[in-house]
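Structure, as structure tokens:
The values are calculated or read from the model by the stated rules, or taken from the named source; none is laboratory data. The structure presented is a predicted model; accordingly, all values stated were derived computationally and were not measured. Using ideal geometry, Cβ is built from the backbone for each residue, glycine included, and neighbour counts are taken over all protein chains shown.
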Amino acid sequence: MRRILFFIFIISFFLKADNSIKGDIKNGTELFKKNCTACHSIDLEKKMIGPALHGVTEKRNRKWLHQWIKNNKSLRDSGDKEAIKIYKEYGNIEMNSFPQLSEQQIDDILSFIQNPDINKKEDHEIHNEINDDKKEENKFLIKLIAFCFCILFLIVFWILYKVQILIRLIDENKGETKISIFKNYLINILYKKILENNRNKWYLFSCFTGFFLLFGIYEIWNYLMKIDVNKGYKPKQPIYFSHKIHSEINGIDCQYCHSSAKYGKVSGIPSANICMNCHITIHEYNGNYIEKGKTRNEYNQEIQKIYHAVGWDPETRKYSRKPHPIQWIRIHNMPDFVYFDHSQHIITGEKKIKQLKKVNLVCNACHGEVQKMDTVEMSNDFTMEWCISCHKNVEIDTDNKYYKEYFTKKNKKITVDMVGGTECAKCHY
């Protein structure tokens, strides 16, 4: 009897030891994000396509979880009641199998599920760092405002002092008004001391007046030419969208969202269903990058705005609400009398434009490094002069199928303006 009890104790000990999960939580977090967030919530407490995973390591042993993650179909086929029950509970939708994951990688994921508070603690520390930065920024602003008020006080004091002197002068000139004093002074300087009995000075005065007249005309012309030139324009959009997070950090290609740019006239504003391709499962931001002045909660609120726009209910996971079209504010907008074709520049001119502008993406030649922008802004003037200067410098691609038949001399430099790129009717018709 004692032997039997001893063997039972030994077996239970090893089973318990086998059930212990030891893994790298940080690596498990990354693996979970890459493999599991399409169906499971990262906070582990919300039910999505798959169940909430909070506490799953306590409900089921390590061996069962490994078998389920590796190949849940094989586990069901073996007659496992728990596996069959879960399969039926979720409408006979089969979970993806992950045979490529090693035993250690699965332990890493399970360690993350077992200890999610460690990541929350790190997020809390990041949030505190952001708040500290905000406090420092607010202190600087207070000091700056106080300094500006001091300068303003000194200027006002100086003006009041000069006004007092002027009042005293008026009193001394037997009640003459300020206007009469200025008028007498002007006549005395311009006429009696400069112009009277001096024809050469009349000539100089005329030249001086003519110069200021021409300068004024130039300044007016320069001002008129800058009307509707909006370099640096970056309006606040109804939904905040960071190109840095999506394009640079997550590596989403420009043409995934702006799909009509390569083969169409306009690049197009992506519809909200493009956003939902990813955000149907990504309902909160869990990235490491946070823009200065922003918080993780602010990013999450913007995701909720997408759901509001398309009528998506994240609780029922159905399009059950009334949609609200997003009123995006257009940044790059060519006038109606200007014809511009994106496809012509991207397909035909991509290679040579990249060489001239020294950029990796042809989009950057006109729009700047959008992938590094949190808020998109107009990076160039987009004037006719700006376009023509480019056409005079960028070469045509003689390897292109269209030009290959017409230009056989490879060594000769042929720019766009040489093939009609500066003719009025090319853009205005």
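For the criterion of being surrounded by 14 or more Cβ atoms within 10 Å (Cβ to Cβ) and in a helix (DSSP H, G or I), Phe98 fails. Total residues in segment 382-402 satisfying the condition of being surrounded by 15 or more Cβ atoms within 10 Å (Cβ to Cβ) and either under 30 Å from Met225 (Cβ atoms) or in contact (Cβ under 8 Å) with a residue 24 or more places away in the chain (or both): the figure is 10.
For Ile42, the stated conditions do not hold, so it cannot be described as in contact with a Leu (Cβ under 6 Å, 6 or more places away or on another chain), modelled with pLDDT under 80 and surrounded by 15 or more Cβ atoms within 10 Å (Cβ to Cβ). Consider Tyr256 carefully, then state whether it is at pLDDT 90 or above and either surrounded by 15 or more Cβ atoms within 10 Å (Cβ to Cβ) or touching a Gly at 6+ places or on another chain (Cβ under 8 Å) (or both). Considered against the rule, which asks whether it is at pLDDT 90 or above and either surrounded by 15 or more Cβ atoms within 10 Å (Cβ to Cβ) or touching a Gly at 6+ places or on another chain (Cβ under 8 Å) (or both), Tyr256 comes out as no. Within segment 356-381, being touching a residue at least 12 places away in the same chain (Cβ under 8 Å), outside any loop (DSSP other than H, G, I, E, B) and closer than 25 Å to Tyr256 by Cβ holds for Val362, Cys363, Ala365, Cys366, His367, Val370, Gln371, Lys372. Taking the conditions (1) over 30 Å from His243 (Cα atoms); (2) surrounded by 13 or more Cβ atoms within 10 Å (Cβ to Cβ) in turn, Asp341 satisfies each one other than (1).
Could you tell me which of the residues Tyr263, Tyr307, Tyr299, Tyr319 is within 19 Å of Gln371 (Cβ to Cβ) and either within 18 Å of the chain's Cα centre (by Cα) or not charged (D, E, K, R) (or both)? Answer to the selection: Tyr299.
Among the candidates Glu89, Glu103, Glu94, Glu82, which residue alone is over 16 Å from Gly50 (Cβ atoms) and not β-branched (Val, Ile, Thr)?
One residue alone meets the criteria, Glu103.
If the Cβ limit is 6 Å and pairs must be 6+ apart or interchain, which residue in segment 68-83 that is closer than 16 Å to Glu103 by Cβ pairs with which residue that is loosely packed, with under 15 Cβ neighbours inside 10 Å and not β-branched (Val, Ile, Thr)? Final answer for the pair search is Lys70/Pro99. Filtering Lys244, Lys236 for residues that are loosely packed, with under 11 Cβ neighbours inside 10 Å and either within 30 Å of Tyr307 (Cα to Cα) or modelled with pLDDT of 85 or more (or both) leaves a single hit, Lys236.
May I ask you to list the residues in segment 60-101 that are among the charged types (D, E, K, R) and under 22 Å from Asn27 (Cβ atoms)? Hits for segment 60-101 are Arg60, Arg62, Lys63, Lys70. Of all the numbered requirements in (1) farther than 17 Å from Ile353 by Cα; (2) of a type outside the set (Gly, Ala, Ser); (3) touching a strand residue (DSSP E or B) at 6+ places or on another chain (Cβ under 9 Å), His391 misses one, and that requirement is (1). Out of the residues in segment 419-428 that are assigned to a helix (DSSP H, G or I) and surrounded by 15 or more Cβ atoms within 10 Å (Cβ to Cβ), state the one that is modelled with the lowest pLDDT. Per the stated criteria, the residue is Val419.
The set of residues in segment 271-302 that are under 25 Å from Met334 (Cα atoms) and surrounded by fewer than 16 Cβ atoms within 10 Å (Cβ to Cβ) comprises Ser271, Ile274.
A search for C-beta distances below 8 Å between a residue of segment 216-235 that is farther than 14 Å from Glu385 by Cβ and any residue that is of a type in the set (Val, Ile, Thr), counting only pairs 6+ apart in sequence or on different chains, returns Tyr233/Ile331; Lys234/Ile331; Lys234/Thr375; Lys234/Val376; Pro235/Ile329; Pro235/Ile331. With respect to (1) surrounded by 11 or more Cβ atoms within 10 Å (Cβ to Cβ); (2) among the aromatic types (Phe, Trp, Tyr); (3) without any contact (Cβ under 8 Å) to a residue 24 or more places away in the chain, the lone exception for Tyr406 is condition (1). Tell me whether segment 102-112 contains one or more residues that are within 42 Å of the chain's Cα centre (by Cα), farther than 19 Å from Leu31 by Cα, modelled with pLDDT of 80 or more and β-branched (Val, Ile, Thr). Among the residues of segment 102-112, not one is within 42 Å of the chain's Cα centre (by Cα), farther than 19 Å from Leu31 by Cα, modelled with pLDDT of 80 or more and β-branched (Val, Ile, Thr), which makes the answer no. What about His391, is it at pLDDT 90 or above and in contact with a helix residue (DSSP H, G or I) (Cβ under 7 Å, 6 or more places away or on another chain)? Yes: the conditions hold for His391.
Results for (1) of a type in the set (Ser, Thr, Tyr); (2) farther than 19 Å from Gln255 by Cα, shown as yes or no for each residue.
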{"position": "Gln355", "(1), (2)": "no, yes"}
{"position": "Asn364", "(1), (2)": "no, no"}
{"position": "Met373", "(1), (2)": "no, no"}
{"position": "Thr383", "(1), (2)": "yes, yes"}
{"position": "Trp386", "(1), (2)": "no, yes"}
{"position": "Lys392", "(1), (2)": "no, yes"}
{"position": "Ile396", "(1), (2)": "no, yes"}
